[in-house]
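For reference, the structure discussed in these notes is given below.
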Amino acid sequence: RILDDLRDLGPKPLERKPVDVNQMLRDLSESMRAGATATRVTIDTALCTEPAIVSGDSFALTRVCRNLMTNAMQAISGDGRVTLRTSIVQGQVVVEVEDTGCGIAPERLGSIFDDFVTTRNRGLGLGLAIAKRIVEQLGGTIQVRSTVGVGTTFTLRFDGIVAEPQRVAS
């Protein structure tokens with residue numbers, strides 16, 4: 001995983017195909033549910049009913065969301081919740097990954113997307129830096145808001161597209 005992170009520091013061409021974000025998040029939450037339950041974390045989904053289709057790379061988008069969910073679960077000590085939420089706002093697909101974890105101190109918020117920034121004993125501190133690069137490479141934005149002792153929410157925004165259902169990759 002560390003070698004993959006180092007390799008992904010540089011720009012890498014991403015595929016551009018219609019991706020059903022709701023289906024991707026359903027699949028991801030199911031794949032992570034057992035690990036979350038083992039650590040007393042509940043994964044909830046609140047997905048919009050409209051098609052949430054973006055032009056993107058399914059593997060790369062899944063990697064971003066998996067990283068955000070993993071970070072969220074690691075920020076929770078004891079019982080907690082990670083919520084995946086989607087909405088369509090002014091033609092944009094909005095994805096939120098919200099947790100009830102420890103939160104991020106205000107003085108750290110400005111550097112969390114920098115390379116090699118971590119508070120953990122393991123890892124290189126590249127996960128959020130790579131996530132930001134992927135999101136921006138796909139023409140999106142990523143923002144964070146956090147309250148210490150309450151939790152953190154990462155918000156991703158991408159231009160939505162109208163796609164024919166048979167051409168949508170999940």
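Structural remarks
- Shape class of segment 28-118 from the Cα gyration tensor (axes a ≥ b ≥ c, square roots of the eigenvalues): oblate, since a/c reaches 1.5 or more and a/b does not exceed b/c.
- Summing +1 for each Lys or Arg and -1 for each Asp or Glu among the other residues whose beta-carbon sits under 14 angstrom from that of R81 gives -2.
- Sequence-distant residues sharing a close amide H with I112 (under 5 Å, placed H): none
- Of all DSSP-defined beta bridges confined to segment 4-103, some 65% are antiparallel rather than parallel.
- The charge dipole of segment 26-163, taken about the Cα centre with unit charges on the Cβ atoms of Lys, Arg (+1) and Asp, Glu (-1), comes to about 300 debye, rounded to the nearest 20.
- Cut-off under 5 Å, modelled amide H: who pairs with Q92 long-range: G160
A short reminder: the numbers here are calculations on the coordinates, not readings from a lab. Model, not experiment: these values are computed from the prediction. FYI the Cβ positions are ideal-geometry reconstructions off the backbone, even for glycines, and counts take in every protein chain you see.
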